[in-house]
Amino acid sequence: MTTLVKVVLFLPNWRPIILKKISVVVRAAGYEFAVAKSSEEFSSMLSGSTAADYLIIIDSNHQEELKKFEKLRSNFRSVVLHNGKPKYLIGFLENKSTFASIGLSEAKVDTRDFLILLRKAFAKNIFGIEKYLARDTRFTEFVVTDEKSRSLATSSVFNSVESLAGPADCVKYRQYANRAAEIVDELILNAVFESNPNLASKNTYEPFKISNEQSIKVKCGYDGETYGISVTDPFGSLSREKLIKCVNFDFHKEIGPGAGIKLAFDRIHRMIANVEPGVRTEFVCLFQFKSRMRLFVEEPKALQFYSTDESKDAS
Amino acid sequence: MEVKVEGNEVRFSGVLDEGIAQDVIESVLKEAQKNCKDQRILVDYSEVKRANSCGILTWLQVTSMGSYPITYVNVPVWLIAQFNMIEEFMMGDITISSIQAPFYCPDTDETTILTLKVGEDIPVQEQYDDFEFPVQTIDGKEYEPDFEPSDYFLFITFNIERFRRTA
């Protein structure tokens, strides 16, 4: 049975061009939508019929409105947008309704990403890196069961990025290749040692060997604009709280579990965690190469969390 | 990861990961310390491509105890990011003599890595918010710093007294 979805934008003081871009994407997703210009208008729009599911796209400065609304009804989900200063804000994921916290700088809205986000908001079909890259992207896949296969995956990712360099780009793409390899390495370590209940007591610097049933799947691809890496484990033990804890990891206090996810998040632009509890967890990491490393480093970040427990079929 | 000790210099190459054991790190640092008498141990990571959290943890478990007087030289870009994120890198008897930094030529779209000396090329100061790093001219091409000084030199800002003493 499908349910009507209504999208409400509450982005006061945002540039009209961004509202316009988001509006176009919402219409493309086939959703009804409305723009609230004030807190009163926002409350009034959401106090209507309870037949619909609501998707709220809201400015990060209006968290109180969101909390107020969460007390009144539960059939809604929310996306928090911020202006990219600081680069990322993840506290909003503590709100049960919020599944994405996205930094936008200037007038840049990645319309493809936004469309995917809208479609995944109420869907059970949340998995797959393919959604985020162009249709004919060629992916390379690896199955990790031990140190040798892990090393192969990491070095292959490094080589695949480094090989994108032209004669004048070697230095730059080597930096990117390092980042990509670091990301894969950390996510594999996390999948092997943090997610696998059988290896929870093992030190991460010990050699490992796992069965095919427990193997980690790694996938990477580049569509000419976005480079994507996904790492999937067959355990599904990631929770919203655990993800927040990992991404908030404070190196000034300790190094330990969670450090790897933090290191990976620090190196990419978009991180998407997809979970089917008890079955599988998929981390999708996306980034775009820039002509200047400085632009790469300064790009605002987005963090998204989807769980099949929190989704339902809707249209 | 491979390691070479020449006098008081310790040079690593490869990848810093769980493949390096703590006792190996301790033995090379001890050897360099024996060789260096009153000098500091110079540690060069410029030939190390990258590191993971396991390798970093192992390294820090040895160096943050303060048993070895270490001066990092030619610190690569990936390690600068670690210095700025992880306080433990500066715990113990640690100084930094020179670092690598990315520079970009807008005319040719080329990136290059240059080595900068702390205290000479990089003035030691409390903050770098208004600091503009000069353009470097190499073979007739002008390279701008491809980093934000206030972010890239955070490790100096956070340890300003130490850098003032050693500059």
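The values are calculated or read from the model by the stated rules, or taken from the named source; none is laboratory data. Treat the numbers as computed from the prediction; the structure is a model and nothing was measured. Methodologically, a virtual Cβ is constructed for each residue, glycine included, from the backbone with ideal geometry; neighbour enumeration extends over all protein chains shown. Calculation scope for accessible area: heavy atoms of the full protein, side chains included, ligands and nucleic acids excluded. Shrake-Rupley method; radii C 1.70, N 1.55, O 1.52, S 1.80 Å.
Based on the convex hull around the alpha carbon atoms, region A:107-265 presents an average projected area of 11.8 nm².
Measuring heavy-atom accessible area with a 1.4 angstrom probe and counting protein chains only, the residues of region B:111-149 that give up at least 50 Å² relative to the chain alone are B:Thr111, B:Asp146.
Considering only A:Gly128, A:Ala168, A:Tyr88, whose Cα is most displaced toward the positive end of the charge dipole of the protein assembly as shown, charges sitting on Cβ of Lys, Arg (+1) and Asp, Glu (-1)? The Cα lying farthest towards the positive end belongs to A:Gly128. Pairs spanning more than 24 Å between alpha-carbon atoms, out of A:Lys108/A:Lys290; A:Lys262/B:Lys117; A:Lys21/A:Lys301; A:Lys131/A:Lys290: A:Lys262/B:Lys117. Using the Cα gyration tensor of region A:100-178, with a ≥ b ≥ c the square roots of its eigenvalues, what is the shape: rounded (a/c below 1.5), prolate (a/b larger than b/c) or oblate (neither)? Here region A:100-178 falls in the oblate category. Residue-normalised convex hull volume from the C-alpha trace of chain A: 144 Å³ per residue. For region A:175-193, a decrease in accessible area of 10 Å² or greater in the assembled protein chains relative to the isolated chain, with a 1.4 Å probe, applies to A:Gln175, A:Asn178, A:Ala181, A:Glu182, A:Asp185, A:Glu186, A:Leu189.
Taking the Cα centre as origin and putting +1 on Lys and Arg beta-carbons and -1 on Asp and Glu beta-carbons, what dipole magnitude results for chain A, to the nearest 20 debye? Don't skip to the answer; put the middle values down first.
Working: 44 positive and 39 negative charges, 122 e Å.
For this selection, approximately 580 debye.
Once the partner protein chains are put back, region B:1-23 shows a loss of at least 40 square angstrom of accessible area, versus the chain by itself, at B:Glu18 (probe 1.4 Å, ligands and nucleic acids excluded).
With every protein chain in place and a 1.4 angstrom probe, the accessible-area ranking of A:Lys301, A:Lys67, largest first, reads A:Lys67, A:Lys301.
Counting only protein heavy atoms and a 1.4 Å probe, the protein assembly as shown has 44 square angstrom of accessible area per residue. May I ask for log10 I(q)/I(0) of chain B at q = 0.10, 0.17, 0.21 Å⁻¹, from a Debye sum over the Cα atoms as equal point scatterers with solvent left out? Each listed q maps to, in turn, -0.39, -1.06, -1.45.
Think of it as helices only: each DSSP H run of n ≥ 4 in chain A is worth -39500 (n - 2.57), and spread over all residues that comes to -9500 deg cm²/dmol at 222 nm.
For region A:1-122, just say rounded, prolate or oblate: build the C-alpha gyration tensor, square-root its eigenvalues into a ≥ b ≥ c, call rounded for a/c under 1.5, and beyond that prolate if a/b exceeds b/c, oblate if not. Can you show the working numbers first?
Working: a/c = 1.42, a/b = 1.20, b/c = 1.19.
Since a/c stays below 1.5, the shape of region A:1-122 is classed as rounded.
Compared with the dominant principal axis of the Cα atoms in chain A, helix A:147-162 is inclined by about 70°.
Order A:Arg174, B:Arg11, A:Arg179, A:Arg138 by their accessible area, 1.4 angstrom probe, all chains in place, largest first.
Working: A:Arg174 110, B:Arg11 80, A:Arg179 50, A:Arg138 210 Å².
Ranking A:Arg174, B:Arg11, A:Arg179, A:Arg138 by accessible area, largest first, yields A:Arg138, A:Arg174, B:Arg11, A:Arg179.
Dipole check for region B:1-150: with +1 at the C-beta of Lys and Arg, -1 at the C-beta of Asp and Glu, and the Cα centre as origin, the magnitude is about 820 Debye. Our note on the geometry: Cα centres of region B:1-51 and region A:77-131, 43 Å apart. In chain B, the longest principal axis of the Cα atoms and the axis of helix B:53-63 are about 70 degrees apart.
How large, in percent, is the carbon and sulfur part of the accessible surface of chain A at a probe radius of 1.4 Å? Mind showing how you got there, number by number?
Details: 6950 of 13630 Å².
That fraction is 51 percent.
Between chain A and chain B, the total buried accessible area stands at approximately 2800 Å², from heavy atoms with a 1.4 Å probe.
The fraction of accessible area contributed by carbon and sulfur in region B:16-163 is 43 percent, rounded to a whole number (1.4 Å probe; ligands and nucleic acids excluded). The charge dipole of region A:1-87, taken about the Cα centre with unit charges on the Cβ atoms of Lys, Arg (+1) and Asp, Glu (-1), comes to about 320 debye, rounded to the nearest 20. The sum of -39500 (n - 2.57) across all DSSP H runs of n ≥ 4, divided by the residue count of chain B, sets its helix-only mean residue ellipticity at 222 nm to -8000 deg cm²/dmol.
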